[in-house]
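S.K.: Before we start, here is the structure in question, set down as structure tokens.
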Amino acid sequence: MNRFKKLFHFFWDRSLGVFLIIGGINTVLSNLTSYALVQWAGWGLFAATITAYAVFSVPSFYFNRRFSFQSKAPLGPSILRFTTLVTVCFFLSYGLNNLVVPRLRAAWFPGMNESLYTILRLVGIQAVFTILNYVGQRLWAFKPAVGTEEEAPKGA
């Protein structure tokens, strides 16, 4: 039970709420952009989604660094870690989505129209991405370097 309590407290704090607000706005904008690029510009889902994620990762970095995690870690390493994290999260979520969602559609919703299917895929990609991204940002991207003043325990 103690592990569950620690896990709950890890996820359920101020940073998660702020992250979800920033991420919610970012999600709406990136999904609208992805959807528009697929439906109206004729782009493939991969190109549309990766473009939208790349564009909206810039404000996401700034707002999450400043408001969600209030990080004072050096900017250069934070940018590199954040970029690496977003890239890895994107490919993992997109890859998992390509494995799972087509099978779900074939098994449960074979008559689903393409527009709704695109929305389902975007939501699936976003859900996995959000979970992986939050954990990665919290534990790695905005974590100060070992031995820095910010990392040292208070009172030391």
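S.K.: Could you pull the accessible area for Arg14 with a 1.4 Å probe, rounded to 10 Å²?
M.R.: Taking all protein chains as shown, Arg14 has close to 130 Å².
S.K.: Same structure again: Measuring from the lowest to the highest alpha carbon on each principal axis, how far does the range 10-156 reach, largest first, in angstroms?
M.R.: Sorted from largest, the Cα extents of the range 10-156 read 63, 29, 22 Å.
S.K.: Among Leu96, Leu20, Leu104, which one shows the highest mean-square fluctuation when the chain is modelled as a Gaussian network with alpha-carbon springs under 10 Å?
M.R.: Fluctuation is largest for Leu104.
S.K.: In deg cm²/dmol and to the nearest 500, what is the mean residue ellipticity at 222 nm of the chain if only DSSP H runs of at least 4 residues count, each as -39500 (n - 2.57), divided by the residue total?
M.R.: After summing the helix terms and dividing by the residues of the chain, the value is -25000 deg cm²/dmol.
S.K.: Tell me, what is the 1.4 Å probe accessible area of Leu116, in Å² to the nearest 10?
M.R.: Probe radius 1.4 Å; accessible area of Leu116 about 90 Å².
S.K.: Computing the accessible area with a 1.4 Å probe over protein heavy atoms, can you report the carbon and sulfur percentage for the chain? Provide the component values of the computation, followed by the final result.
M.R.: Details: 7000 of 9730 Å².
C and S atoms contribute 72 percent here.
S.K.: Follow-up question, since we're still on this one. With springs connecting C-alpha atoms under 10 Å apart, model the chain as a Gaussian network and identify which of Pro110, Pro74, Pro102 has the largest mean-square fluctuation.
M.R.: Between Pro110, Pro74, Pro102, it is Pro110 that shows the largest mean-square fluctuation.
S.K.: What's the angle, to the nearest 10 degrees (0 to 90), between helix 2-11's Cα axis and the longest principal axis of the chain?
M.R.: With rounding to tens, the tilt is 80 degrees.
S.K.: What is the ratio of the Cα radius of gyration of the range 49-107 to 2.2 N^0.38 Å, where N is its residue count, to two decimals? Numbers along the way, then the final one.
M.R.: On the way: Rg = 14.9 Å, N = 59, 2.2 N^0.38 = 10.4 Å.
With N residues counted in the range 49-107, Rg over 2.2 N^0.38 Å equals 1.44.
S.K.: Using a 1.4 Å probe and ignoring any ligands, DNA or RNA, find the accessible area of Tyr62 and quote it in Å² to the nearest 10.
M.R.: 110
S.K.: Sticking with this structure for a sec: Which value, in Å², gives the accessible area per residue of the chain when a 1.4 Å probe is used on the protein heavy atoms?
M.R.: On the way: 9730 Å² over 156 residues.
Result: 62 Å² of accessible area for each residue.
S.K.: Helix 14-39 versus the longest principal axis of the chain: what angle, 0 to 90°, nearest 10, using Cα atoms?
M.R.: Rounded to the nearest ten degrees, it is 30.
S.K.: Moving on to the next point. Tell me the angle of helix 45-63 to the major Cα principal axis of the chain, expressed in degrees between 0 and 90 and rounded to the nearest ten.
M.R.: 20
The values are calculated or read from the model by the stated rules, or taken from the named source; none is laboratory data. Note that the structure is a prediction, hence the values are computed from the model and not measured. These area figures cover heavy atoms from the full protein model, side chains too; ligands, DNA and RNA do not enter into them. Shrake-Rupley method; radii C 1.70, N 1.55, O 1.52, S 1.80 Å.
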